[in-house]
1. Connecting C-alpha atoms closer than 10 Å in a GNM of the chain, tell me which of Ser160, Ser85, Ser27 has the biggest fluctuation.
2. Starting at the first residue of region 176-182, write each ³J(HN,Hα) from the Karplus equation 6.51 cos²θ - 1.76 cosθ + 1.60 with θ = phi - 60°, in whole Hz, x for Gly and Pro.
3. With springs only between Cα atoms under 10 Å, which of Ala110, Ala11, Ala84 fluctuates most in a Gaussian network model of the chain?
4. For region 1-97, which chymotrypsin sites (Phe, Trp or Tyr not before Pro) are in a loop by DSSP, counting at most 16 other Cβ atoms within 10 Å?
5. Using a 10 angstrom cutoff on alpha carbons, build the Gaussian network for the chain and name the most mobile of Leu99, Leu28, Leu126.
6. Please state, to two decimals, what the Cα-based radius of gyration of region 1-141 comes to when divided by 2.2 N^0.38 Å (N = residues).
7. Enumerate lysine pairs in region 1-116 that are 8 or more residues apart or on different chains, then count those whose Cα atoms are under 19 Å apart.
Amino acid sequence: MNAIFTIVFIASMIAIAITAPDKLLPSLLGGAEDAAKMALTLFCIYAVWMGLSSLAEKSGLSHGAAKALKPLTRRVFRTDDDEASENLAMNISCNLLGLGGAATPYAVKAIGALEKDKNDFAQKLLFVINATSIQILPTTVIALRASAGSLKAADIFLPSLICTVVSTACAVTLYLLGRKLWR
């Protein structure tokens with residue numbers, strides 16, 4: 001994939017150097033400026049949500065959420081491990097709030113706990129769910145749209161919800177069907 005992006009980038013650079021050489025440097029600098037702004041915006045969004053996630057962990061809220069979701073995580077992921085259940089609950093709740101970056105550390109911890117139990121099914125299912133992640137509230141996208149000057153940044157709410165529910169349902173169904181077929 002890196003090779004493809006490199007080829008496209010070089011081809012684009014050659015094309016703009018030939019057709020409009022006076023726009024080459026401003027284009028590069030403008031792109032770098034936009035990338036830096038977006039990186040800073042994402043950093044701020046994740047810093048806030050990771051801080052809130054840390055507070056939830058320290059206050060026991062995550063443990064309470066894990067306890068409430070434990071019957072669901074036990075049934076869906078087929079695990080009895082408390083550590084895995086707590087991390088699965090936090091991962092899923094972060095993804096539901098559209099915080100994929102904040103959900104990643106919990107997924108890593110959950111995978112580690114599931115590896116100890118040799119629960120291959122749960123590891124793969126968690127990967128599938130994380131790859132599609134149902135988002136009830138796509139906060140990251142809304143924040144990025146607001147920072148880009150969108151007047152109606154939250155208009156993405158319903159389309160995002162529909163798309164993520166459908167993609168997650170399809171992915172989980174295909175995973176379960178594939179698992180049955182290859183047995």
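Since every read-out is calculated from the coordinates, none of them should be taken as a lab result. Keep in mind it's a predicted model, so treat the numbers as computed, not measured. As a convention, Cβ positions derive from the backbone with ideal geometry for all residues, glycine included, and neighbour counts pool all protein chains shown.
1. Of Ser160, Ser85, Ser27, the most mobile in the Gaussian network model is Ser27.
2. Ordered by residue, 3J(HN,Hα) equals 5, 5, x, 5, 5, 5, 8 Hz.
3. Greatest mean-square fluctuation among the candidates belongs to Ala11.
4. The qualifying sites: there are none.
5. Among Leu99, Leu28, Leu126, the largest mean-square fluctuation in the Gaussian network model of the chain belongs to Leu28.
6. In units of the globular-protein estimate, region 1-141 measures up at 1.44.
7. Here the count comes out as 6.
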